[in-house]
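To keep things clear, I will list the structure first and then write my remarks on it.
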Amino acid sequence: MHTSEYSDVPSSLSALSLEGQFSFHNMSHASKDFGNQFQLQPSAVLQPKSVSDISTTIKHVYQMGPRSPLTVAARGHGHSLQGQAQAPDGIIIQMESFKGPGIHVHYTGNLPYVDVAGGELWINLLKESLKYGLAPKSWTDYLHLTVGGTLSNAGISGQAFRHGPQISNVYQLEIVTGKGEVMICSPAENADLFYAVLGGLGQFGIITRARIALQPATKMVKWVRVLYSNFTTFTQDQEMLIAAEKTFDYIEGFVIINRTGILNNWRSSFSPQDPVQASHFTSDGKTLFCLEMTKNFNPDETEIMNKEIYMLLSKLRYIPSTLFQSEVTYLEFLDRVHVSELKLRAKGLWEIPHPWLNLLIPRSKIHDFAERVFSDILRDSNNGPILLYPLNKSKWDNRTSVVIPDEEVFYLVALLSSAPPSPNHDDTTLEHALKLNGDILDFCEQADIGMKQYLPYYTTEEGWRAHFGSKWKVFTQRKLDYDPLAILAPGQRIFHKATLISSPKLLNMA
Ligand SMILES: Cc1cc2nc3c(=O)[nH]c(=O)nc-3n(C[C@H](O)[C@H](O)[C@H](O)COP(=O)(O)OP(=O)(O)OC[C@H]3O[C@@H](n4cnc5c(N)ncnc54)[C@H](O)[C@@H]3O)c2cc1C
């Protein structure tokens, strides 16, 4: 805090009447995230026990007015990469402390759904919904993330080609806005707030409850991987599969640049029973591409499922000797990355810097991108998995805040680097990874790739304005409507507290 007038944060917050509590000491946990690159200390951490705790706190900060520098960030599971859930000198709301009325599965009727607190982990939601034979439709690859955290971005995985991202599968939200108001919103009620918050990077309100669409859950999945040496054939097959009516239930892919070791393969643990893993295939210096798919089945339908897979595989042009298959339960498949997390944790390789770069690349430019990035910029690097798979714009709702490329098919390219300590215990591995990221971003700009960042990270107004493009005007208007003092999610570095008031020029710059 810089202004003495506002310096006594603890006593002003302690005076609030809450069910939960504030802590003002031992806050190092709230100043860390998965990215492990930024550590910004808050002034206070709230463990809320009710929606009213969250609303009272934000109202209090709102009433302090624009001259108070105090800000508020919801912290989900803290799996952001560059401090997006941090609030320097502000208040962190520890969303996992607020469980609300629990996880409520509504299983009757044609459109089953679950009501869940914004701070709930997807893994807990899944385990509860499976008790009713139901599950959400769209996922992330890793489930130890909160509902509010992924809905603030998009929530993308190999089911998105069919169901859209997680933000396309939400019926209703309960939000505490930047003025402290509690609002229910849906496509039919307060629709502007509903769409603002989805993919809204935490800028418009805190998601205290979400109503998520469910569908009947499969019991088992057949998990298949095949390898390609030709990028064009690989992407043509991926695109054919996502466009087909009868197809796999999950379609992803990854790039193998002659890489070995746990840091490169953590994302891709396949079957514990199967020692022959596609991700361990050595490529003798060549870049290989792995297509990864699953087909849902129940144990009494194994024969039909095998026939369907045979039909689908017969249309693909992978290297014939590279078919890897495994059968696992649905839960094992969806929670697959957690297995790798445990292995990495045991080796001290989880809580290290993660200079990840997630990009959305239009289909028309994916070959230019691949040629430059995989054969040149990243040719000698081997510090993490690279996911690459197509998505279709028609499954995304343009009214939400998320930004995607302007083409019907675009690719998610996730460069999931880790920066383990270098032998000299300095930051050289991190610096090297950040330099490669910078080279990739520079190339995208120079070659006019039309790329959009996913989990975007910009530090200047120009950067954000370019990111949002034609959506910037709506985004800033929504900020004025729902968080006019720019109190929320300061770690995204989009707005600075009170700048909207002091510089209305933002609105004229779309
Ligand atoms: C191992 C790993 C695998 C991943 N895999 C995928 C993947 O497959 N697909 C994908 O799409 N993403 C993936 N992600 C990225 C992930 O979706 C984001 O990092 C997400 O932000 C993490 O959720 P969180 O609950 O930890 O949120 P946090 O990091 O805590 O918060 C993220 C942002 O949302 C805000 N926020 C948090 N909770 C709320 C709330 N309740 N209401 C409003 N705003 C809120 C925060 O203030 C912050 O700005 C992965 C991340 C990791 C670490």
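Couple of notes before you dig in:
- Every condition in (1) touching a Leu at 6+ places or on another chain (Cβ under 8 Å); (2) more than 16 Å from the ligand (Cβ to nearest atom) is met by residue 364 except one, and the failing one is (1).
- Verdict on residue 375 being under 23 Å from residue 352 (Cα atoms), more than 16 Å from the ligand (Cβ to nearest atom), among the small types (Gly, Ala, Ser) and over 23 Å from the mean Cα position of the chain (by Cα): no
- In region 12-27, the residue that is nearest to residue 46 (Cα to Cα) out of those that are open to solvent by less than 60 Å² (accessible area, probe 1.4 Å) and of a type outside the set (A, V, I, L, M) is 22.
- Subset of region 378-391 (residues that are within 16 Å of the ligand (Cβ to nearest atom) and not aliphatic (A, V, I, L, M)): 383, 384, 385, 389, 390
- Considered as a group, the residues in region 71-106 that are of a type in the set (Ser, Thr, Tyr) and more than 8 Å from the ligand (Cβ to nearest atom) include one that is farthest from residue 38 (Cα to Cα), and that residue is 97.
- Elements of the type helices (runs of 4 or more DSSP H) sitting completely within region 349-468 and holding at least 3 residues that are more than 24 Å from residue 197 (Cα to Cα) and at pLDDT 95 or above: these cover 366-372, 428-446.
- Residues located in region 143-162, provided they are within 6 Å of the ligand (Cβ to nearest atom) and not in a loop (DSSP other than H, G, I, E, B): 146, 148, 149, 150
- One residue from 331, 349, 316, 357 being in contact with a helix residue (DSSP H, G or I) (Cβ under 8 Å, 6 or more places away or on another chain), within 16 Å of residue 127 (Cα to Cα) and either surrounded by fewer than 17 Cβ atoms within 10 Å (Cβ to Cβ) or in the same structural domain as residue 414 (by TED's automatic domain parsing) (or both): 331
- Check on residue 138, of a type in the set (Gly, Ala, Ser), away from the ligand (no atom under 16 Å from the Cβ) and buried (at least 17 other Cβ atoms within 10 Å of the Cβ): no
- Residue that is surrounded by the fewest Cβ atoms within 10 Å (Cβ to Cβ) [pool: residues in region 109-125 that are away from the ligand (no atom under 14 Å from the Cβ) and of a type in the set (A, V, I, L, M, F, W, C)]: 111
- When residues of region 333-349 are limited to those that are within 16 Å of the chain's Cα centre (by Cα) and not charged (D, E, K, R), the one farthest from the ligand (Cβ to nearest atom): 334
- Scanning region 41-57 for any residue that is in contact (Cβ under 8 Å) with a residue 60 or more places away in the chain, over 22 Å from residue 197 (Cα atoms) and crowded, with 18+ Cβ neighbours inside 10 Å turns up nothing.
- Flag if residue 69 is modelled with pLDDT under 95 and either crowded, with 17+ Cβ neighbours inside 10 Å or within 30 Å of residue 184 (Cβ to Cβ) (or both): yes
- Residue among 108, 71 that alone is among the β-branched types (Val, Ile, Thr) and under 30 Å from residue 354 (Cβ atoms): 71
The values are calculated or read from the model by the stated rules, or taken from the named source; none is laboratory data. It should be emphasised that the depicted structure is a prediction, and the values quoted were computed from it without experimental measurement. With ideal geometry, Cβ positions are generated from the backbone for all residues, glycine too; neighbour counts draw on all protein chains shown. Remember, those area values only see protein heavy atoms, side chains included, never the ligands or the DNA or RNA. Shrake-Rupley method; radii C 1.70, N 1.55, O 1.52, S 1.80 Å.
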